[in-house]
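Structure record follows, encoded as structure tokens.
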Amino acid sequence: MQQERLRPLTVAERRALATIRQASSERVDRVRRATALLAVAGGQSFGAAARAAGFRTVAAVTYLDLVAEHAGKDAPSRGAPAGGRDDDSAGAPGGRQFVPADADLVPDGHGAAQAQGRGGAGSRSEDRRKKGAIDRAYRGAEAAGVPVWCQDEAGPYQAIPQPGTSWAPLGRPARQPHEYVRGGTAKLLTLFRPATGEVRAKGVTHAPNAVLHPWLRAELTRVLATLPTPTLPEAERPPLARWASWLGHEPTEPLPPLRLILIWDNLAGHLSWSIVRWLYRQGVLPLYTPLSGSWLNLAESVQRIIVRRALDGQHPQTRDDLIAWLDDAVVGWNAAPTPFVWHGKRSERRQRARQRRLGAAPASQADLQLYAA
């Protein structure tokens, strides 16, 4: 396929791909695909395009569908290539020797499987590995003395009449103005600990890396300051409190003791080398949700509750109203927080109901699905 000529990209396609490549809130697979397409369209070889996009193998680029026989199709709207990893940051750090974002989280022997065809067994096994790691963190990390926190950005929310129930006298329902005036938007940066229900959040007008990363560093620094300093040697710590249990091998560089696990979504901005390096140097292990697996991030669950409490049936006039109401809802939540139990009573009820539907058949005893309580 290297010898086949790619059709020229139109100006609109180049502009769309450049926008995707520069977006920090875009999915990693889309950013890498756009980077590889622009590199190949610029005359680079598949190997150079793979390195520029952060793919592990050249085969990842050969799945791009801009070959001559597809010249009449809309390239930017086609599916992303499945070759390579969807959240591997091996390309971000380049030749640095420090532990990259997720490259060392793959146990030995998994690299070859990841280079299989689109939607093949490699990508599915990688998704299962990520789900399994997050499930294991929710189940046992807190008991091993390593707190688990989740981070997410909710929004944007508009300063317009919000849907939902509201209080009003009988027969006199609340009325909204007929003018459609937009008062701006706001987002909610959220850091959530499911085991205790504690929420650390801040309302902002926008959330690029320049806003998110300093806030996350400051909040995690405060959280780490409240944790006891590990005194046991690495070999004597509980298994889930050791780096090797999560990386699949001993760290390639000296790292401080593992003190915290951070679960967050698979976005390009979250794989920035500066924030990943800072996390590892503070003893924080980032675990990234797989594609179509954002439900594994429990910060999204608590955000829905907070936003509903703050905005349902209300009419914020400005973005300052949005931020103030969201912040007040967070304060109200922390006054009486509710812990989120992974595989709690609801999961047990679902499992019992499933067994009843199957008539307690032997096949119903092995449940490989992961559920959020």
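The values are calculated or read from the model by the stated rules, or taken from the named source; none is laboratory data. Note that the structure is predicted; figures quoted are calculated from it, not measured. Methodologically, a virtual Cβ is constructed for each residue, glycine included, from the backbone with ideal geometry; neighbour enumeration extends over all protein chains shown.
Numbers at a glance
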{"quantity": "Pick from the stretch 193-227, criterion charged (D, E, K, R) and out of contact with any helix residue (DSSP H, G or I) (no Cβ under 9 Å at 6 or more places or on another chain), ranking: nearest to residue 268 (Cα to Cα)", "calculated": "219"}
{"quantity": "Matching residues, the stretch 188-246, being farther than 20 Å from residue 339 by Cα, in contact with a Pro (Cβ under 7 Å, 6 or more places away or on another chain) and buried (at least 20 other Cβ atoms within 10 Å of the Cβ)", "calculated": "243"}
{"quantity": "When residues of the stretch 15-60 are limited to those that are basic (Lys, Arg) and touching a helix residue (DSSP H, G or I) at 6+ places or on another chain (Cβ under 7 Å), the one surrounded by the fewest Cβ atoms within 10 Å (Cβ to Cβ)", "calculated": "30"}
{"quantity": "Matching residues, the stretch 294-318, being within 17 Å of residue 264 (Cβ to Cβ) and surrounded by 14 or more Cβ atoms within 10 Å (Cβ to Cβ)", "calculated": "294, 296, 297, 298, 299, 300, 301, 302, 303"}
{"quantity": "Residues that are closer than 10 Å to residue 160 by Cα and either assigned to a loop (DSSP other than H, G, I, E, B) or outside the structural domain of residue 174 (by TED's automatic domain parsing) (or both), drawn from the stretch 309-327", "calculated": "314, 315, 316, 317, 318"}
{"quantity": "Scan of the stretch 265-288 for residues that are at pLDDT 90 or above and not in a helix (DSSP H, G or I), ordered by number", "calculated": "282, 283, 284, 285, 286, 287, 288"}
{"quantity": "First in the stretch 318-335 and under 13 Å from residue 188 (Cα atoms), second anywhere and among the hydroxyl-bearing types (Ser, Thr, Tyr), Cβ under 8 Å, 6 or more apart", "calculated": "319/185; 319/205; 322/157; 322/185; 323/205; 326/157"}
{"quantity": "Criterion (more than 27 Å from the chain's Cα centre (by Cα) and at pLDDT 90 or above) met by exactly one of 335, 360, 329, 353", "calculated": "335"}
